[in-house]
Amino acid sequence: MTGETQTIEELAARALRPYEERPDAEGVARLVDDLITVGHALHTRVAGIPVSRHTQRADAALAEWSYFVAAGPLSGSDHAAWNHARGLGRIARVLVAELAAYTSTR
């Protein structure tokens, strides 16, 4: 696992904690920022996989990532921000898995 994927996995794990263990509003905002920062590089790497080797899952995750980043939380509430972080974490895990699958078959 590269340093980049290890970092995104750690961030995703923090985002996917049970609701009762979520950070405060400031912590959630930092988590979202960190997920987006590290996730952009991951998104670029997965998008760089030759189109002929893309899976439907990879294409869906790429599109979802772009949507989630552009849309942001659906409201200004703490709950919406936490759900946004969780969505980014789930999508990031799919991107990591797709990159790993591609790398292992080259």
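The values are calculated or read from the model by the stated rules, or taken from the named source; none is laboratory data. Everything numeric here is computed off the predicted structure, so don't read it as measured data. Positions of Cβ are generated from backbone atoms using ideal geometry, with glycine treated the same way; all protein chains shown enter the neighbour counts.
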Worksheet item: Taking into account only those residues within region 35-50 that are assigned to a helix (DSSP H, G or I) and among the small types (Gly, Ala, Ser), which is farthest from the chain's Cα centre (by Cα)?
Response: 47
Worksheet item: Of all residues in region 95-106, how many are surrounded by fewer than 19 Cβ atoms within 10 Å (Cβ to Cβ) and not basic (Lys, Arg)?
Response: 7
Worksheet item: Residue check: is residue 48 under 21 Å from residue 6 (Cβ atoms), without any contact (Cβ under 8 Å) to a residue 12 or more places away in the chain and surrounded by 12 or more Cβ atoms within 10 Å (Cβ to Cβ)?
Response: no
Practice prompt. Could you check residue 91 against (1) touching a Leu at 6+ places or on another chain (Cβ under 7 Å); (2) within 16 Å of residue 7 (Cα to Cα) and say which number it fails?
Written response: (1)
Discussion item. Would you confirm, using the coordinates I've provided, whether residue 46 is at pLDDT 95 or above, within 13 Å of residue 91 (Cβ to Cβ) and not acidic (Asp, Glu)?
Written reply: yes
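Table: residues versus (1) modelled with pLDDT under 95; (2) crowded, with 16+ Cβ neighbours inside 10 Å.
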position	(1), (2)
19	yes, no
38	yes, yes
59	no, no
62	no, yes
74	yes, no
Discussion item. Which condition from (1) of a type in the set (A, V, I, L, M); (2) in a loop (DSSP other than H, G, I, E, B); (3) in contact (Cβ under 8 Å) with a residue 40 or more places away in the chain is the one that residue 12 breaks?
Written reply: (2)
Response to the item:
Within region 51-106, the residues that are part of a helix (DSSP H, G or I), without any contact (Cβ under 8 Å) to a residue 24 or more places away in the chain, of a type outside the set (A, V, I, L, M) and closer than 19 Å to residue 12 by Cα are 66, 67, 68, 79, 83, 87
